[in-house]
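The values are calculated or read from the model by the stated rules, or taken from the named source; none is laboratory data. Owing to the predicted nature of the structure, the values given are computational and were not obtained by experimental measurement. Here the Cβ positions follow ideal geometry from the backbone for every residue, glycine too, while neighbour counts run over all protein chains shown.
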Amino acid sequence: MENHVVLSMKNITMSFPGVRALQNVDFSLYKGEIHALMGENGAGKSTLIKVLTGVHTRDSGEIFLEDKPINNRSPEEAHENGISTVFQEINLCTNLSVAENIFAGYQPRTRLFAINWKEMNEKAAHILAWVGLEHIDVTRALGEYSVAIQQMVAIARAVNFNCKVLILDEPTSSLDDHEVENLFNVMRQLKADGKGIIFVTHFLEQVYQVCDRITVLRNGELQGVFTTSELPRVQLVATMLGHEFNELASIRSHSQDIDRDDKVPDVIKAVGLSHKGTIKPFDLQIKKGEVIGLTGLLGSGRSELARTLYSADKPDTGTLFFKGNRLKASEPIDSMRAGMAYLPEDRKEESIIADLSVRENLIIALQAKTGVFKLLPVAKQNELSEQYIKALNIKTPSPETLIKQLSGGNQQKVIIGRWLITHPDFLILDEPTRGIDVGTKTEIQKLVVQLAGEGMTIMFISSEIEEMLRTVNRLCVIRDGKKVGEIRNNNLTQQDVMAAIAGGEKNAR
Amino acid sequence: MPDKLPTLQSIRKSQLLLPVTALIIMLLINVLITPSFFRISIQNGVLYGYTIDIINRSCELVIMAVGMTLVVAASRGTDISVGAVAAVAAAVCIRLLGSSYDSYAIAPVLAILICFAVSILCGAFNGFLVANLNIQPMVATLILFTAGRGIAQLISAREINGVMVPGQILYVRMESFKSIGGFLPGIVIPTPVFIAAIFVLATILILRRTALGLYIQTVGINPKAGRLVGINSTLIIFFTYVFCGFSSGVAGLIASSRIYSSDANNIGLNMELDAILAVALGGNSLGGGKFSIAGSVIGAITIQALTTSLYAMGVSADQLPVYKAIVVILIVTMQSEEFKRWRSAYRLRRQNRKGAEK
C-alpha cells in the first residue's frame, strides 16, 4: 500500500512536576487513515494530543507535518497549520448561533468589513449538509440543539478550514448508537477525502468498526503500533493494561430477588414524583442493598429522574419517602443530610472544582454536610484523603495536587471518593464510567457491587447496557421522560434491554 | 526526594511572589530617589516618616481590598459601590455625632454601630441584587455607585436660614473623634494601622477557622458543583457583599475621622477602582475562585506606596493617574498568563539552542 505520512511525531517527551507524562513517544499518521490512540487513563493520550496542538509545550522531540517541522504554540496556531481538534467536552458557545460557532474568528466579510451574514449562513448550511445535518437551522442558538448535534457542529467547524489532521478526543462518549453511526459515516467520508484522523476512544467496539491502525500508550510510553485487522481484542486490552486481562465476567454475585424480599426495608419510595418539563410522574421503590439501573436513550429522562430524587431539580409533584420517612427536600443539601449522594453526569461542569486540590475536592461534600462553622480539622482532612486515595487507587502525585491536573478517570475516582466519605445510604451514579478506561471501569463496577453487598443502595445510570447488566439487580426503563417499566436482571441480554428501550412495553416487566 | 527542591519551586510558583517583588522594587526606587525614605523619627510624640505615611494612608484601601477580594472570589464580579458606600457610612456617623463643641449628640459607640449597620445594609442590598436576583455584579452595584453619593449628600444636610440644605460639609468638633483616623493618646503608631491589622487578621481567622474560605472558592470556581455538594451559593455570595459593605463602612469611618467631617463628594472617591486594582495586583484572578487576602493587602500597600512616592517626587495630583497607569501596566503584564508563557517559551528556545551547540 502506498502510504503518505501526513503527520509524524518523534521522540516526544513531556513532564509535569513530579510526573513524566510522555517518554520518547513516536507517532505517525497517514493520509486517509483513521488511527486510534488508546490506553488507560493517565496513559498519556490527552497529553500527546495537547503537545501536538500546542496546549502543552514538549520538553523534547520533533513534530513534522507533511515533512515540514512544525511547532504549535497554541491550539489556534495548530488550527491554522491544519491540525484541528474536537474535544470530549464541547468547547463552543451555546449562546451563539450555529453558523457563528462554525465561523467564529473566520467570519466571511463584506467589502465594508462587516460580517457577511448571508454568505456565512449559506456556507454553514452547506457544511452541515455535508456532515448529514441538512435539517439544522444555522441561525438558531447552538444551545437549542442536542449534545450530539453540537458535537457534529464542532466537527464541522474543525474540518471547515484547510484541515489536514482531525483529532477526535472521545467524541462518542455522549452519543447514542445512532448518532455514533452518523459520526462514523462522516469520519469515513473525511477519510475518503484524504484527511488523517486521530481517534481517541475507550470503546473497543468502535475502534474495530472504523480504525485502520491503533497506537497504544501506557504510563507515557509507546506500547506499539498495530494494524487493527491483525490485532485480536484480547491482545489489545492486554497491551493497554500491560498484563493478561482477567475476564470481566461475573462481577455480580449477590441475590437477584432482593426487591421481592419483604423483610428488606425500602430505602426509596417515590409516589407520583415529577419535575415539570423533564420527567413525568413516576413511582419507584428501591430496597436496601439493591443496585437499580436506569436505562433509556440519551435524553429520555434518565438523569432527570435521578436529579428529581436528589432534589437537584426540585420535584413539582408527588411524595418521596426515604428510609421510611417522608423527605421534604428543596435543595441538594437536604437530601445529603438525609443520606443521599449524587454523582452527576457531567464531570467537568457539575462535579470537579477544577482549581481546588484533590484533598479539598474529596472532603467538600462532608464539609458541607457538617456545616460551615465546623471546619474539619486539617489532620482529619489529610487522614481521609490519604485513606480514600489509597482505597480507590487514585493516581495523584499528592493530595495537594489540583484536581484538574489528574486524568479523567482519576478525577472521577476523586468524585466517587467525595461521596463515599459522606457514608451515604443511597448513592446515585450517573454515567460514572463515561470516558474512562477499561481497567478503571471494572474497578468502579466492582466497587458498586461491593458497596451494595455492604448494604448501600445504589442507582446506576449508564449508556453501556452491558455494563449495567453486569452490576444491577433491576432495570428501570425510561422513554420520553416517562418511566415505562421495570425489568428484573435474570439472564437478561443486551437485546432484551434494547427491545425494552426501543418501545415494546410488552417486554417490560 | 531532596527537601529543598519543592520549597524553592513552591516559592517560585507562589501567587505572592510577584506582588511582593513589585512592592520591593517600588520601595528600592524610592530609596534611590529619596535617600531618607526609610528614615523614621518621632516628632510630637508620634512616628513620622515616608514608610509610616504609606502604611497609615493605605489602611482604608487595605480594608476595602479585603472585602473586595471575597466579592471577586465568590461572585466573579466586582463591587463598584464601595467608595460611595464609604461616603454614606461617613455621612451617617458625622450627622449622628453632631457639631457641638461640648459633647456628642449621641454616644460615639452607638453612632459607629449605626454607621456600620447602614454600610452592612448597603452591602445586603447589593448582595440581594447579585445573589438572589442574579443581576450582573457591575450593573447591580452601579446603582449604589451612582445613588450612594446622592444619599450621602442628603444625609449631610444642615439648616441654613431655616431650611434644610443637603450637600453640606458637616464637622465634628470634638477632639476625641480625631483619634480614630489619627493617634490615640500616648501611642506612637497611627490608630488606622491597628484597625486595619485587626480587620485583616480577624478576616483571615474567620476564613481559616471555618469552611467559609473553602465555600467561597468553590462557589467562585464551579457554582453548579457547589450546589450539588450542598453549598448554598446564593447565601455565600450574599454574605461576601454584606461583608464588603461592612468593610466600606469601616473605611468610611476612618476616612471621615481623618478630616473630622463628612465630605460626601470626596470620601472614598475613586477608591472602588483602587480596591479592584489591589485585588488584581495581589495576583488574584478577577474571574473568581482562588484568592489570597495577603496578596490583596500587599496590592493595596503597593498602590499607596506608588501614590505617596509620586507625590514625594513632586508629581502633581492631576498628573498622578498617568504615572500610576504606567506602573500598573507593568505589574499586570508581568503577572499575565500569556507573559508567563512567552517567558517559558523563551527559556525553552534558549535551552534548545544550548543543546544544539553541544
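The residue of segment A:193-221 that is farthest from A:Val51 (Cα to Cα), among those that are of a type in the set (Gly, Ala, Ser) and modelled with pLDDT under 90, is A:Gly194. Only one of the numbered conditions (1) surrounded by fewer than 18 Cβ atoms within 10 Å (Cβ to Cβ); (2) part of a helix (DSSP H, G or I) is violated by A:Val497, and that is (1). Could you list, in sequence order, the residues of segment A:349-361 that are within 11 Å of chain B (Cβ to nearest Cβ), buried (at least 16 other Cβ atoms within 10 Å of the Cβ) and in a helix (DSSP H, G or I)? Selection gives A:Glu350, A:Ser351, A:Arg359, A:Glu360, A:Asn361. Name every residue in segment A:321-355 that is of a type in the set (A, V, I, L, M, F, W, C) and either in contact (Cβ under 8 Å) with a residue 60 or more places away in the chain or out of contact with any helix residue (DSSP H, G or I) (no Cβ under 7 Å at 6 or more places or on another chain) (or both), in order of residue number. If the condition is that a residue be of a type in the set (A, V, I, L, M, F, W, C) and either in contact (Cβ under 8 Å) with a residue 60 or more places away in the chain or out of contact with any helix residue (DSSP H, G or I) (no Cβ under 7 Å at 6 or more places or on another chain) (or both), then A:Phe321, A:Phe322, A:Met336, A:Ala338, A:Met340, A:Ala341, A:Leu343, A:Ile352 are the ones that fit.
Against the conditions (1) over 23 Å from the mean Cα position of the chain (by Cα); (2) surrounded by 22 or more Cβ atoms within 10 Å (Cβ to Cβ); (3) more than 14 Å from chain B (Cβ to nearest Cβ), A:Met336 satisfies every one except (3). For segment B:224-278, the set of residues classified as away from chain A (no Cβ under 14 Å), outside any helix (DSSP H, G or I) and small (Gly, Ala, Ser) consists of B:Ser261, B:Ser262, B:Ala264, B:Gly268, listed by residue number.
Does segment A:33-40 contain any residue that is over 22 Å from the mean Cα position of the chain (by Cα), closer than 30 Å to A:Asn185 by Cβ and surrounded by fewer than 23 Cβ atoms within 10 Å (Cβ to Cβ)? Working first, answer last.
First, pick out the residues of segment A:33-40 that are over 22 Å from the mean Cα position of the chain (by Cα): A:33.
Pick out the ones that are also closer than 30 Å to A:Asn185 by Cβ and you get A:33.
So of that shortlist, the ones also surrounded by fewer than 23 Cβ atoms within 10 Å (Cβ to Cβ) come out as A:33.
Yes, that holds for at least one residue.
Please determine whether any residue of segment A:433-449 is within 14 Å of another protein chain (Cβ to nearest Cβ), buried (at least 20 other Cβ atoms within 10 Å of the Cβ) and assigned to a helix (DSSP H, G or I). No; the residues of segment A:433-449 include none that is within 14 Å of another protein chain (Cβ to nearest Cβ), buried (at least 20 other Cβ atoms within 10 Å of the Cβ) and assigned to a helix (DSSP H, G or I). Pairs meeting the criteria (first residue in segment B:204-217 and more than 13 Å from A:Leu376 (Cα to Cα) and more than 7 Å from chain A (Cβ to nearest Cβ), second residue of a type in the set (Val, Ile, Thr) and in a helix (DSSP H, G or I), beta carbons under 7 Å, at least 6 apart or on different chains) are B:Ile204/B:Ile293; B:Ile216/B:Ile236; B:Ile216/B:Thr240.
Is it true that some residue in segment B:328-345 is touching an Asp or Glu at 6+ places or on another chain (Cβ under 9 Å) and surrounded by 12 or more Cβ atoms within 10 Å (Cβ to Cβ)? The answer is no, given that none of the residues of segment B:328-345 is touching an Asp or Glu at 6+ places or on another chain (Cβ under 9 Å) and surrounded by 12 or more Cβ atoms within 10 Å (Cβ to Cβ). In segment A:362-374, the qualifying residues are those that are more than 7 Å from every other protein chain (Cβ to nearest Cβ) and either β-branched (Val, Ile, Thr) or part of a loop (DSSP other than H, G, I, E, B) (or both), and the one that is nearest to A:Arg418 (Cα to Cα) is A:Ile363.
Can you find a residue that is buried (at least 24 other Cβ atoms within 10 Å of the Cβ) and within 15 Å of the chain's Cα centre (by Cα) anywhere in segment B:307-320? There is no residue in segment B:307-320 that is buried (at least 24 other Cβ atoms within 10 Å of the Cβ) and within 15 Å of the chain's Cα centre (by Cα).
None of A:Pro377, A:Pro399, A:Pro344 is in contact with a Lys or Arg (Cβ under 6 Å, 6 or more places away or on another chain) and either within 9 Å of another protein chain (Cβ to nearest Cβ) or not small (Gly, Ala, Ser) (or both) except A:Pro399.
The requirement of being more than 14 Å from chain A (Cβ to nearest Cβ), of a type outside the set (Val, Ile, Thr) and crowded, with 17+ Cβ neighbours inside 10 Å is satisfied by B:Ala140. Taking the criterion of being farther than 17 Å from A:Ala148 by Cβ and not in a helix (DSSP H, G or I), the residues of segment A:174-198 that qualify are A:Asp193, A:Gly194, A:Lys195, A:Gly196, A:Ile197, A:Ile198.
The single condition from (1) in contact with a Ser or Thr (Cβ under 6 Å, 6 or more places away or on another chain); (2) on the phi > 0 side of the Ramachandran plot that B:Ala312 fails is (2).
Of the numbered criteria (1) touching a residue at least 40 places away in the same chain (Cβ under 8 Å); (2) touching a Gly at 6+ places or on another chain (Cβ under 9 Å), the one A:Thr308 fails is (1).
The rows are residues; the columns are (1) surrounded by 21 or more Cβ atoms within 10 Å (Cβ to Cβ); (2) modelled with pLDDT of 95 or more; (3) of a type in the set (Gly, Ala, Ser).
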position	(1), (2), (3)
B:Gly67	yes, yes, yes
B:Val71	yes, yes, no
B:Arg76	no, no, no
B:Ala107	no, no, yes
B:Gly127	yes, yes, yes
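Does at least one position in segment A:392-410 carry a residue that is under 22 Å from A:Thr457 (Cα atoms) and either touching a residue at least 40 places away in the same chain (Cβ under 8 Å) or outside the structural domain of A:Val264 (by TED's automatic domain parsing) (or both)? Within segment A:392-410, one or more residues are under 22 Å from A:Thr457 (Cα atoms) and either touching a residue at least 40 places away in the same chain (Cβ under 8 Å) or outside the structural domain of A:Val264 (by TED's automatic domain parsing) (or both).
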